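Only one structure is covered here, and it is reproduced in the block below.
No value in this document is a laboratory result; all are computed from the given coordinates. If you're wondering where the values come from, they're calculated on a predicted model, not measured in any experiment. Glycine gets a Cβ as well: all are built from the backbone with ideal geometry, and neighbour counts include every protein chain shown.
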Amino acid sequence: MQNIIDMTLENFQQVIMHDSQQKLVMVDFWADWCEPCKNLMPVLEKLAQEYSEHLLLAKVNCDEQQEIAAQFGVRSLPTVMLVKDGQPLDGFAGAQPESAVREMLEKHLPKPEDGLLQQAQELVSAGDYANAFGFAKQAYDLNADNVDIKYVLADCYIETGRLEEAKGILDTIGLVDQDGRYASLRGKIELAEQAADTPEIQALQEQLEANPDDMQLKVDLAVQLQQVHKVEEAIALLIEVLKKDLNFGDAKKLTLDVINALPDGDPLKSSSRRKLYSLLY
């Protein structure tokens, strides 16, 4: 689709009703006798090119297209309107500096985190939380205030066994944004915590308390903790073992396997690798 067009009665329906379903349409009402229009137009064209993936500039010559100008209720020139899904969203009358036009556009154009969030949501819907985590974390790093991103990232943390991190994210969500998702995720955390407190883990913890230097007990407990997604605790135990004996049993291989199973983008993955490599090299 061409990014900058002249809008006429012939293509009006196409631009306003169809193209605005695909992109944000910026309609520029101008006339040849209007000096402010001539000053503004290069600014609009520059921004249209810059945001070409998501923005279409439709120019309306009001001397030739008076019916379109009347339909939009244009009273002065230049006038700029934003249209999405066939409906006006925003706009201004009179010449504006580039910074003001850019600020208006950025309120309505898709943001980088929106695409990452969508990818994360699709993977979550497919039950692929490990790969969803990377997209959700990237989105969160770009916009930590977005509530939808917080909910998806918290869900990924829960499903990958990072319950404390999930709690930390949920604790930042204010009362006004605590909808059904909030209650659902709190419930998932409670169930996960109950499921993680297995008789096997309890027994090993008691044995380890009685024999704190038993490295095999630490490895056995780490295996059980990893199985119930208490990965951070498992890695901490394994690192303890490797600090005392780098070649103890399968501890080195087990540590690598546990770390490599973490989702890409998880800070625990990179920090744990650094700890392990500092012992190895």
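Details
- Centroid-to-centroid separation of region 1-51 and region 222-261 [C-alpha atoms, Å]: 60
- Isolated cysteines in the chain, defined as those with no second cysteine Cβ under 4.7 Å, comprise 62, 156.
- Additional length obtainable on full extension of the chain from residue 49 to residue 85, 0.36 nm per residue less Cα span: 10.9 nm
- Shape category assigned to region 199-280 from the gyration tensor of Cα positions, a/c cut at 1.5: oblate
- Screening the chain for whole DSSP H helices with an alpha carbon extent of at least 15 angstrom along the helix axis and a mean Kyte-Doolittle hydropathy of at least 0.0 yields 147-159, 215-227, 231-244.
- Measuring r between the beta carbons of residue 32 and residue 99 and using R0 = 30 Å, the FRET efficiency lands at 0.70.
- Three principal axis extents describe the C-alpha atoms of the chain; from largest down they are 90, 43, 28 Å.
- Calculated SAXS-style log₁₀ I(q)/I(0) at q = 0.11 Å⁻¹ - region 158-248, Debye, Cα scatterers: -0.41
- Rounded to the nearest 20, the size of the Cβ-charge dipole of region 32-132 about its Cα centre is 220 debye, with Lys and Arg at +1 and Asp and Glu at -1.
- Both radii were evaluated on the Cα set of region 112-195; the Rg over Rh quotient, with Rh as the Kirkwood radius, amounts to 0.94.
- Beta bridge orientation in the chain: antiparallel %, DSSP, nearest 5: 50
- Cβ-Cβ FRET estimate between residue 253 and residue 147, R0 fixed at 45 Å, reported to 0.05: 0.65
- Difference of contour (0.36 nm per residue) and Cα-Cα distance, residue 261 to residue 194: 21.8 nm
- Overall form of region 1-76 per C-alpha gyration tensor (a/c, 1.5; a/b vs b/c): oblate
- Cβ-defined net charge surrounding residue 225, 12 Å radius [Lys, Arg +1; Asp, Glu -1]: -3
- For the chain, the longest piece that avoids every one of the GluC sites (Glu not before Pro) found in DSSP loops with at most 15 other C-beta atoms within 10 Å covers 65-281.
- Diffusion of region 1-148 by Stokes-Einstein, at 37 °C in a medium of 0.692 mPa s and with Rh set to the Kirkwood radius over alpha-carbon pairs, works out to 196 µm²/s.
- One chain, two ends: residue 122 and residue 92. Fully extended at 0.36 nm per residue, the span grows by 7.1 nm beyond their Cα-Cα distance.
- Simple spin-label estimate for residue 281 and residue 245 in nanometres, 7 Å along Cα-Cβ: 2.7
- Backbone phi angles across region 21-30, fed through the Karplus curve with coefficients 6.51, -1.76 and 1.60 (θ = phi - 60°), yield HN-Hα couplings of 6, 9, 9, 6, 9, 9, 9, 10, 8, 9 Hz in residue order; Gly and Pro are listed as x.
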